[in-house]
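Structure first, commentary second.
The values are calculated or read from the model by the stated rules, or taken from the named source; none is laboratory data. What you see is a predicted model; the values in this text were computed from it and never measured. We place every Cβ from the backbone using ideal geometry, glycine too, and count neighbours over all the protein chains shown.
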């Protein structure tokens, strides 16, 4: 009986974590689009405030996945073998996207005085590709987590 209660609590916690990640993901993608806008002449727009907000949400999103979802799997506390096996397979790819996101964040950190805005849109494009890959990997894990035991 206690195992059933523990299992239900874990599933509820996982569901809450996934819902939170989805909300952050949507916010991240909206900010990515907002940060990579062009003006009426087709010129790249540099908006420090949007960029800073994007970077903060991106770091929060990456951290939520890492310290919430992946940490549990990597530490071996995920009991479902299929979920754990898939996560182990995908984690190196997810880690590459984490490194790309952190490198972008460091390059465009608000504390940096001489941000190279001319490279921003190219870097955003490349980061968008990494984030797209990450989302595909995450969705595979989320799908597996959503399957009945």
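Which residue is nearest to residue 51 (Cα to Cα), if the candidates are limited to segment 117-145 and must be surrounded by 12 or more Cβ atoms within 10 Å (Cβ to Cβ) and at pLDDT below 85? Among those that are surrounded by 12 or more Cβ atoms within 10 Å (Cβ to Cβ) and at pLDDT below 85, it is 117.
Would it be correct to say that residue 69 is modelled with pLDDT of 85 or more and either closer than 19 Å to residue 126 by Cβ or in a helix (DSSP H, G or I) (or both)? When the stated conditions are applied, residue 69 does not pass them.
Evaluate segment 15-38: report whether one residue or more is at pLDDT below 75 and outside any strand (DSSP E or B). Within segment 15-38 (the criterion being at pLDDT below 75 and outside any strand (DSSP E or B)), the answer is no, since none of the residues qualifies. Take the conditions (1) in contact with a helix residue (DSSP H, G or I) (Cβ under 8 Å, 6 or more places away or on another chain); (2) closer than 22 Å to residue 45 by Cα; (3) surrounded by 13 or more Cβ atoms within 10 Å (Cβ to Cβ); residue 56 misses just one of them, which is (1).
Scanning for something at pLDDT below 80 and in contact with a strand residue (DSSP E or B) (Cβ under 9 Å, 6 or more places away or on another chain), does segment 44-66 turn up at least one residue? Yes, there is a match, as at least one residue in segment 44-66 is at pLDDT below 80 and in contact with a strand residue (DSSP E or B) (Cβ under 9 Å, 6 or more places away or on another chain).
Mind counting the residues in segment 86-126 that are more than 23 Å from residue 71 (Cβ to Cβ) and part of a helix (DSSP H, G or I)? Going through segment 86-126 one residue at a time, the tally reaches 11.
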